[in-house]
Structures are given as C-alpha cells and as structure tokens.
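J.: Quick one: this structure, given as structure tokens, is what I'll be asking you about.
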Amino acid sequence: MKRKTKMAAVSQRHFVIFLRWITRILATALVLLVLAIAIGEGPPNPFNQPAKVQMEFLGMALILTGLTLGWKWEGLGGIMALAGVVTFHVIEGKPWINSFFSLFALAGILYLLCWLLSKLAVAKTN
C-alpha cells in the first residue's frame, strides 16, 4: 500500500511541474506579446489619458506584474493577475471583453492552481 501512495505522490509532483511550465510559457508569451504591441505602437503617455483609461492601465499593469511575479511566487502572481483582469473589466463596464483577455485570466488561474497543488503536496508529505 505504501508503494502505491508513493507512486501517486510522484505522479502528482510531475503533474504540478508540467502544469507550472505550461503556465510559465503562457504567461511569458502574453507578457512578450503585450510588450511587442506597446513597442510597435509606441506606448501612450498614461498621464495624458482620461481617468478611465488610466485605471485600465493600472489593471493592465497588475496583470503583467502578476504574470511576471508568478514565476517566483505563484500565489501572489495569480492573485495579482486575476485582480488586474477584474479591475480592467469593472472599469470597462463589460463582464467579458474578448477571448484574448480570457488568456490573462487563465494564466492567473493556472498560477493559483499550481500554488494550491504545491501546498497540498507539501501537506501530504508532512
């Protein structure tokens, strides 16, 4: 019986590692895409924008910071990314803008899932 639980723990650990790298690749691709668009278009001066647009920039900054911090701190990164998505949608006044923004939310959710599964795996071994 012990062998079966040990194999399950190893399998779960491998799944978490796989999920973590998928999430990191997705997050990195999204951050690089946003940076490429910002560089290509030339970033607007946020201080010359209306207050609503400034708040949307804040939401986008939260998303990008969360996706970047998620590499080291998955829980914090996931919370920040999701908070940024919610902030952006609340300011925009639409529950869901388009499927591109769902990728930001997906990355945040996956970071939180990795963090939660890692914590559960540590709790099982102790």
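J.: Give me Rg/Rg_expected for the range 2-125, where Rg uses Cα atoms only and Rg_expected = 2.2 N^0.38 Å with N residues.
T.: That ratio works out to 1.26.
J.: Can I ask one more? Can you give the local net charge around VAL34? Use residues other than it whose beta-carbon is closer than 15 angstrom to its beta-carbon, Lys and Arg +1, Asp and Glu -1.
T.: -2
J.: While we're here: What is the gain in length, in nm to one decimal, between ILE39 and LEU103 on full extension, counting 0.36 nm per residue of separation less the C-alpha to C-alpha distance?
T.: Here the segment from ILE39 to LEU103 would lengthen by 21.0 nm.
Laboratory data are not the source of any read-out in this text; all were calculated from the coordinates shown. It should be emphasised that the depicted structure is a prediction, and the values quoted were computed from it without experimental measurement. Using ideal geometry, Cβ is built from the backbone for each residue, glycine included, and neighbour counts are taken over all protein chains shown.
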